[in-house]
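Below: the structure, in structure tokens.
The values are calculated or read from the model by the stated rules, or taken from the named source; none is laboratory data. The model shown is predicted, which means the values in this text are computed figures rather than measured ones. Cβ: placed from backbone, ideal geometry, glycine included. Neighbour counts: every protein chain shown. SASA here: full protein model, heavy atoms, side chains in, ligands and nucleic acids out. Shrake-Rupley method; radii C 1.70, N 1.55, O 1.52, S 1.80 Å.
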Amino acid sequence: MVWTLGCELYLRNMRGALRIASGRLQHVSDIHHEGINFLQSTQNMDGGWGESCESYDHQKYTPLYYSTPSQTAWGLLGLMSCPKSSPELIERGIQFLIKTQNQDGSWDEPE
């Protein structure tokens, strides 16, 4: 829940920053493009995303090798905030969340 709230607040602030920084929009666009490329390269075969807590220790991205619902939601929020995102990446992430949702509407969070 905290991650989701934090991501939502980040994206809202990013949109506001984009409006303010209209003179530097190309630079921001490049950053978004890099983010989309990163999400595309780290999407798991099942359509979701997963990052190990070891990333904090190593100070670099460390794959978890399996997807988690929370990190998949974060990836989807990032992709959906960028107009040039691949619809296929988004669809695969959504399908992962649909397939892994429990009967009561929750998800299991393994890590």
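Residue-by-condition table, conditions (1) loosely packed, with under 14 Cβ neighbours inside 10 Å; (2) modelled with pLDDT of 85 or more; (3) in contact with a Pro (Cβ under 9 Å, 6 or more places away or on another chain); (4) not basic (Lys, Arg):
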position: Thr4; (1), (2), (3), (4): yes, no, no, yes
position: Arg12; (1), (2), (3), (4): yes, no, no, no
position: Gly47; (1), (2), (3), (4): no, yes, no, yes
position: His58; (1), (2), (3), (4): yes, no, no, yes
position: Leu77; (1), (2), (3), (4): no, yes, no, yes
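Any residue at all in region 83-100 that's exposed (fewer than 13 other Cβ atoms within 10 Å of the Cβ), more than 16 Å from Asn37 (Cβ to Cβ) and among the aliphatic types (A, V, I, L, M)? Yes.
Taken over region 60-69, the residue count meeting the criterion of being surrounded by fewer than 17 Cβ atoms within 10 Å (Cβ to Cβ) and not in a strand (DSSP E or B) is 3.
Of everything listed in (1) open to solvent by 30 Å² or more (accessible area, probe 1.4 Å); (2) in contact with a strand residue (DSSP E or B) (Cβ under 8 Å, 6 or more places away or on another chain); (3) in a loop (DSSP other than H, G, I, E, B), the single unmet condition for Trp107 is (2).
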